[in-house]
1. Give region 259-268 a look and list any residue that's surrounded by fewer than 16 Cβ atoms within 10 Å (Cβ to Cβ) and either assigned to a strand (DSSP E or B) or at positive phi (or both), or say none.
2. Give just the number: which of (1) out of contact with any Asp or Glu (no Cβ under 8 Å at 6 or more places or on another chain); (2) closer than 24 Å to Asn138 by Cβ; (3) of a type in the set (A, V, I, L, M) does Val208 not satisfy?
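Every read-out reported here was derived from the displayed coordinates using simple, explicitly stated rules and does not represent laboratory data. On a predicted model such as this, the values are computed, not experimentally measured, just so you know. FYI the Cβ positions are ideal-geometry reconstructions off the backbone, even for glycines, and counts take in every protein chain you see.
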Amino acid sequence: MFSFSVTVLVLIQVIATSGGQSVSDEKSQQTCVSAGVPGVPGSPGVNGSPGRDGMKGGKGMNGEKGLLGDDGRQGIKGEEGRKGEKGIKGERGLVGDVGGKGNAGKIGPQGPEGPQGLQGIKGETGRKGEKGEAVTLNWKQCVWYRDDDKDSGLIQNCNFRKHDSNSALHVGYAGTLRVYCSSGACCSRWYFTFNGNECSGPMTIEGVVFGSPANDNPHRHRQIEGYCENIPAGQVTIGFNIGKCKGYSTTYDGWTGNLSVSRIMIAEVPPSQK
């Protein structure tokens with residue numbers, strides 16, 4: 001816009017100059033001619049386009065550090081800012097895997113000794129027991145090797161010296177026994193006697209064996225034993241016998257021992273507890 005205004009002014013000046021020269025020439029040919037009235041000023045030219053931005057200047061140098069306060073100390077620390085509001089509680093995390101078994105801890109120190117407990121109530125004095133005679137181990141066995149086909153009566157005696165009248169006798173038989181019958185059912189009874197009588201303290205010591213034709217001659221090892229009380233001290237003859245069974249009216253074909261050892265065992269023992 002500025003360039004266009006200059007061009008117009010130059011053109012006006014050239015035209016004015018040319019017109020002046022012609023008038024000058026006419027002045028030389030004519031006599032006196034008066035000057036013309038000035039023209040009306042032209043309208044302002046159109047503004048030119050804005051120029052481009054200049055180049056960016058370089059970074060300025062850092063300023064000098066400010067002076068300290070009057071007292072030579074640094075400035076006073078500003079007030080502490082207001083504490084922020086409490087945040088929202090986060091969601092609960094997932095449960096972790098179970099950890100491995102830890103090492104055993106050290107044994108803790110022993111605790112202090114506790115106070116002594118109260119003394120218990122003294123119990124009643126027990127009744128003094130009756131004095132009994134001392135019983136030492138006293139035993140015996142009688143052994144034989146033979147076959148005995150007796151159906152009734154004494155099989156074997158065994159003599160024993162009993163030390164104490166308050167003690168009991170433990171007797172037993174170990175050996176082969178059998179009963180035989182050709183028809184029906186049969187039974188034989190073996191039992192102990194003490195000086196010719198069966199035990200009554202508390203009951204008899206016995207064993208029974210049943211047989212039938214189906215049991216063809218059943219020789220078997222068997223054992224009969226028990227305790228007998230109320231037997232006086234001194235010599236005791238203990239017999240092992242065979243006879244009829246209760247409920248049977250006759251004796252049957254019994255057999256004691258069969259190519260094997262038979263024995264009677266006797267031991268004196270303390271009295272039974274009450």
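1. Leu259, Val261
2. For Val208, the failing item is (2).
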